[in-house]
Amino acid sequence: MNNNLDNQPAGRPRKIIHIDMDAFYASVEQRDNPELRDQPVAVGGSEARGVVAAASYEARKFGVHSAMPSVTAKRKCPDLIFVKPRFDVYKAVSAQIREIFAEYTPLIEPLSLDEAYLDVTENLKGMEIATEIALEIRAKIKAVTDLNASAGISYNKFLAKMASDLNKPNGQAVITPKNGPAFVAQLPVKKFHGVGPATADKMHRLGIETGANLREKEIEFLVQHFGKSGPYFYGIARGVDERQVKPNRVRKSVGAEDTFNQDIHAFGPAREGVKPLIAKVWRYCEGNEITGKTVTLKVKYADFTQITRAKSVAEGFRSPQVIEETIDSLLGAIFPTQKGIRLLGVTLSSLEPRVVGSIEQLQFTL
């Protein structure tokens, strides 16, 4: 972190593009099956069990979203059509999209099958205007895949990510160095990329509702309350994010967690609470063809005390069902409990490439 965060970074501002495919899995299904077009579609799950992996925009109008239990989704949208995921197709389309990215820059950081950061400050086309590059990329994606993409353009990763949500679907937006700090100032912290529900709740308790409130806090205060994330929050509150676009980024772990509106006291609700977390973790693993050897259950109680329980397997976890069975056993061991549970988390670590075509992969269901 530099010592001049209240000013724009010295030198030439970077040009970062965040490309995000619109309702990717669902859009692929609608593209390939004309009967699904203009219909509310949920990829993954079923009417009776599981969770939604992705939802079409027609379904989102009813409040359906990814990681939502299928039963809840069906209740919100009675006409919802459930479709089994076809990850081999999604991966093939993603490869086409990444080939397009590579025409413009080698500095590509994929986040999943359907989104990536591109650093086009120096690009292979010699184009000066990043917004024109984004327009070209989106047009090529449409021509090659018949799918829509949205884009965010800015001088850092945080703001590019935030910008890509501003004109979805099938749009793009720019946040310049001049208006970056003002954009952050008016933004509710709960909408910040990287600020989950639990962190947003903690910020609210500390009187931090917006980026402007966050900017008022000294870095020492933020480190005291948010640990190693403190300097990052201090920077983005000022529109500063010095993270580089890293090709071939290696993750050590992938996890998801959720803070519940009401404390959980029984095994059944806890088990239902972790299912969408497992689905979210596996979606990332499936999209990046990885698995992990260690699964960790995180439990935070109503009094904010916290425990973790983990189990490792030598061959790695090959399906979401195996992860679910393992989490069930770890979860069952903490019940009965005298304290309510306010947060549950699931993390997969010791990541490694998956064996494509394994029996477990072919049996994958959500």
In the range 38-63, anything loosely packed, with under 14 Cβ neighbours inside 10 Å, at pLDDT below 95 and small (Gly, Ala, Ser) is listed as ALA48
Do we have ALA173 as in the same structural domain as ARG98 (by TED's automatic domain parsing), free of Cβ contacts under 8 Å to residues at least 40 places away in the same chain and in contact with a Gly (Cβ under 9 Å, 6 or more places away or on another chain) here?
yes
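When you go through LYS84, LYS91, LYS74 one by one, which is the residue that is among the basic types (Lys, Arg), over 22 Å from GLY255 (Cβ atoms) and under 20 Å from the mean Cα position of the chain (by Cα)?
Of LYS84, LYS91, LYS74, the one residue that is among the basic types (Lys, Arg), over 22 Å from GLY255 (Cβ atoms) and under 20 Å from the mean Cα position of the chain (by Cα) is LYS91.
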(1) assigned to a helix (DSSP H, G or I); (2) without any contact (Cβ under 8 Å) to a residue 60 or more places away in the chain; (3) more than 19 Å from GLY235 (Cα to Cα): which one isn't true of VAL184, the others all being true?
(3)
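Could you check the range 234-249 and list, in sequence order, the residues that are surrounded by fewer than 17 Cβ atoms within 10 Å (Cβ to Cβ) and in contact (Cβ under 8 Å) with a residue 60 or more places away in the chain?
Residues satisfying the conditions are GLU242, ARG243, GLN244, LYS246, PRO247, ARG249.
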Reported set for the range 62-102 where residues are closer than 18 Å to MET21 by Cα and not hydrophobic (A, V, I, L, M, F, W, C) is HIS65, SER66, PRO85, ARG86, ASP88, TYR90, LYS91, SER94, GLN96, ARG98, GLU99
Enumeration of residues in the range 263-295 that are touching a Pro at 6+ places or on another chain (Cβ under 9 Å), buried (at least 22 other Cβ atoms within 10 Å of the Cβ) and small (Gly, Ala, Ser):
ALA279
Filter the range 203-229 for residues that are under 23 Å from ILE16 (Cβ atoms) and either modelled with pLDDT of 95 or more or among the acidic types (Asp, Glu) (or both); which is surrounded by the fewest Cβ atoms within 10 Å (Cβ to Cβ)?
ARG215
For ILE19, the lone unmet condition from (1) at pLDDT below 95; (2) among the hydrophobic types (A, V, I, L, M, F, W, C); (3) within 21 Å of ASP165 (Cβ to Cβ) is (1)
Condition check: assigned by TED's automatic domain parsing to the domain that holds PRO197, surrounded by 15 or more Cβ atoms within 10 Å (Cβ to Cβ) and more than 27 Å from ILE108 (Cβ to Cβ). Does PHE260 satisfy that?
no
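The values are calculated or read from the model by the stated rules, or taken from the named source; none is laboratory data. This structure is a prediction, so every number in the text was calculated from the model and none was measured. Cβ: placed from backbone, ideal geometry, glycine included. Neighbour counts: every protein chain shown.
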